[in-house]
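Visitor: One structure follows; several queries about it will come next.
The values are calculated or read from the model by the stated rules, or taken from the named source; none is laboratory data. Since the structure is predicted, the reported quantities are computational estimates derived from the model, not experimental observations. As a convention, Cβ positions derive from the backbone with ideal geometry for all residues, glycine included, and neighbour counts pool all protein chains shown. The accessibility values were calculated without ligands, DNA or RNA, using every heavy atom of the protein model including side chains. Shrake-Rupley method; radii C 1.70, N 1.55, O 1.52, S 1.80 Å.
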Amino acid sequence: MTERQEDLVKEETITDEVVNEETTVEEPSIFTEEQTQEVNSSEDELQKLRAEIDEKENKYLRLHADFENYKRRALMEQQSLMTYRAQSLVTDLLPVLDNFERALQIETTDEQTASLKQGMEMVYRQLVEAVKKEGIEEIPALGEQFDPNFHQAVMQESDSSKPSNEVLQEFQKGYKLKDRVIRPSMVKVNE
């Protein structure tokens, strides 16, 4: 090679080295180390705030659900109170009805007691109609199959002409208010 060619090769090599050095030089960071820490702490704070918001939202949703359940329960209790508002009054009136029925079973011998009995029958019918308006019903017993939900067996008797578990005699009438048993019927049941 000629001297001139050698010089050109050397210049190219030097130029390549300079270019390589320039490309390998580190560019200065956009953020300083302090600024990077601030960004990281801001991100941590943001995550904490998001977690706190999620926790508050969960508490709110639970509280809202609890309140809705409370409203539903209160409404159901109010409806139940309205439905069964007469229960305590009727419970107190049942012995009065029983006494009227016993008094009306007495045979009259003269005209004066017959008219007294007739007046008692009218009062009894009015009382029965008043409690029926409130939803009171007699529980059928005589001739029915024994049902422990509606009947209270106080005696048993063996009668082969009747089916097993049939109510043979009613000692005290049972009553129910709408679908709730106020007093079960006291009965004698066939074995």
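Visitor: Spelling out what I want: for every residue of region 131-148, take phi, set θ = phi - 60°, compute 6.51 cos²θ - 1.76 cosθ + 1.60 (Karplus), and round to whole Hz; glycine and proline get x.
Guide: 6, 5, 5, 7, x, 7, 10, 6, 8, x, 9, 4, x, 8, 6, 4, 10, x
Visitor: Ok, one more. If you place +1 on the Cβ of every Lys and Arg, -1 on the Cβ of every Asp and Glu, and leave all else neutral, what size is the dipole of region 56-149 about its Cα centre, to the nearest 20 Debye? Display every interim value, and only then the final one.
Guide: Working: 12 positive and 17 negative charges, 205 e Å.
Around 980 debye, computed over region 56-149.
Visitor: Applying the Karplus parametrisation 6.51 cos²θ - 1.76 cosθ + 1.60 with θ = phi - 60° to the phi angles of region 96-112, what ³J(HN,Hα) value in whole Hz is obtained for each residue in order, glycine and proline being reported as x?
Guide: Karplus values, whole Hz, x for Gly and Pro: 5, 4, 4, 5, 4, 4, 5, 5, 6, 7, 6, 7, 9, 10, 10, 5, 5.
Visitor: Then there is this: 5 Å is the cut-off here: which amide hydrogens, built 1.01 Å from N in the peptide plane, fall below it relative to Gln169, excluding neighbours closer than 5 in sequence?
Guide: Residues meeting the criterion, in which the H sits 1.01 Å from N, are Lys188.
Visitor: Next up: Rounded to the nearest 10 Å², what accessible area does Thr109 have for a 1.4 Å probe in the complete protein model?
Guide: Rounded to the nearest 10, that gives 140 Å².
Visitor: Given a Förster distance of 41 Å, report the FRET efficiency between Lys59 and Thr83 from their Cβ-Cβ distance, rounded to the nearest 0.05.
Guide: On the way: r = 36 Å, r/R0 = 0.88.
The value I calculate is 0.70.
Visitor: Write down the percent of antiparallel bridges among all DSSP beta bridges whose residues are both part of region 88-191, to the nearest 5. Present the calculation step by step, with values, prior to reporting the outcome.
Guide: Working: 12 of 18 bridges.
Of all bridge pairs located within region 88-191, approximately 65 percent are antiparallel.
Visitor: Starting from region 125-191, pick out the chymotrypsin sites (Phe, Trp or Tyr not before Pro) whose DSSP state is loop and whose Cβ has at most 13 other Cβ atoms within 10 Å.
Guide: On the way: sites: Phe146, Phe150, Phe171, Tyr175; in loops: Phe146, Phe150.
Here no loop site has a sparse enough neighbourhood.
Visitor: Still on this model: Pull out the extension gain between Val154 and Glu52, defined as 0.36 nm times the separation in residues minus the alpha carbon to alpha carbon distance; nm, one decimal. Intermediate values should be presented prior to the final figure.
Guide: Details: separation 102, 0.36 × 102 = 36.72 nm, distance 6.61 nm.
Value of the extension gain: 30.1 nm.
Visitor: Along region 158-169, what does the Karplus equation 6.51 cos²θ - 1.76 cosθ + 1.60 (θ = phi - 60°) give for ³J(HN,Hα), rounded to whole Hz, x for Gly and Pro?
Guide: 9, 10, 6, 7, 10, x, 5, 6, 8, 6, 8, 8
Visitor: Mind counting lysine pairs for me in region 35-191? Cα separation below 17 Å, and the two need to be 8 or more apart along the chain or on different chains.
Guide: Step by step, the pairs that qualify in region 35-191 add up to 9.
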